[in-house]
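Peer 1: Quick one: this structure, given as structure tokens, is what I'll be asking you about.
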Amino acid sequence: MEGPVAERVAPLLERDPEVALWWGAVLDCIEALAAAQRRHHLTEAGFERARALIEHLRARAFEIQPSEEVRARALRILTVHPLRADRALQLAAALIWCREHTQGVGFVSLDEPLRLAAAQEGFRVLPYAGEVHEPEP
């Protein structure tokens with residue numbers, strides 16, 4: 001990992017290597033990388049390094065699969081938070097993973113609307129989100 005995003009996220013992975021992620025999160029990541037490459041903000045080599053890192057992370061993560069339960073939670077989330085469907089699915093998967101016991105559970109995202117919705121659902125948003133909750137001690 002390189003750059004400002006890496007500086008914010010890499011320490012979180014070092015501190016807590018246990019990762020749970022939504023089944024579609026890899027698609028979202030590759031979509032963003034491909035868009036950055038098309039805009040010439042990312043080289044082909046950078047794209048391949050990032051893609052390999054994402055695959056490495058996915059291989060060791062617990063992946064929440066699509067289900068009726070995820071869809072039902074996402075439908076509720078869409079009525080409560082101003083999120084796109086893909087972001088609502090990510091938040092729904094996190095709620096299912098923690099069995100809706102969000103107190104003290106970390107939620108990592110760099111997407112501002114998703115960060116705010118996760119904080120409103122009770123997650124501890126990381127990297128630290130001063131706009132929505134108090135810093136860690």
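Peer 1: Which numbered condition in (1) over 17 Å from residue 125 (Cα atoms); (2) open to solvent by 90 Å² or more (accessible area, probe 1.4 Å); (3) assigned to a loop (DSSP other than H, G, I, E, B) is the only one that residue 42 fails?
Peer 2: Tallying (1) over 17 Å from residue 125 (Cα atoms); (2) open to solvent by 90 Å² or more (accessible area, probe 1.4 Å); (3) assigned to a loop (DSSP other than H, G, I, E, B), residue 42 fails exactly one: (2).
Peer 1: Pairs under 8 Å by beta carbon, first residue of a type in the set (D, E, K, R) in region 49-62, partner part of a helix (DSSP H, G or I), six or more apart or different chains?
Peer 2: 51/30; 51/33; 55/26; 58/26
Peer 1: Out of the residues in region 14-27 that are open to solvent by 30 Å² or more (accessible area, probe 1.4 Å) and part of a helix (DSSP H, G or I), which is modelled with the lowest pLDDT?
Peer 2: My answer is 14.
Here is a yes/no grid of residues against (1) open to solvent by 20 Å² or more (accessible area, probe 1.4 Å); (2) touching a helix residue (DSSP H, G or I) at 6+ places or on another chain (Cβ under 7 Å); (3) closer than 16 Å to residue 28 by Cα:
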| residue | (1), (2), (3) |
| --- | --- |
| 65 | yes, no, yes |
| 70 | no, yes, no |
| 81 | no, yes, no |
| 91 | no, yes, yes |
| 96 | yes, yes, no |
| 99 | yes, no, no |
| 106 | yes, no, no |
| 110 | yes, yes, yes |
| 121 | yes, yes, no |
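Peer 1: May I pose another question? With the structure loaded, tell me whether residue 52 is surrounded by fewer than 13 Cβ atoms within 10 Å (Cβ to Cβ), assigned to a helix (DSSP H, G or I) and of a type in the set (A, V, I, L, M) or whether it fails that test.
Peer 2: yes
Residue-wise test of (1) modelled with pLDDT under 95; (2) out of contact with any strand residue (DSSP E or B) (no Cβ under 7 Å at 6 or more places or on another chain).
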position: 71; (1), (2): no, yes
position: 94; (1), (2): no, no
position: 97; (1), (2): no, no
position: 104; (1), (2): yes, no
position: 108; (1), (2): yes, no
position: 111; (1), (2): yes, yes
position: 117; (1), (2): no, yes
position: 122; (1), (2): no, yes
position: 129; (1), (2): yes, yes
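The values are calculated or read from the model by the stated rules, or taken from the named source; none is laboratory data. This one's a predicted model, so the numbers in the text were calculated from it and none came from an experiment. Note that each Cβ is placed from the backbone with ideal geometry, even for glycine, and that neighbours are counted across all protein chains shown. What goes into the accessible areas is simple: the full protein's heavy atoms, side chains included, and nothing from ligands, DNA or RNA. Shrake-Rupley method; radii C 1.70, N 1.55, O 1.52, S 1.80 Å.
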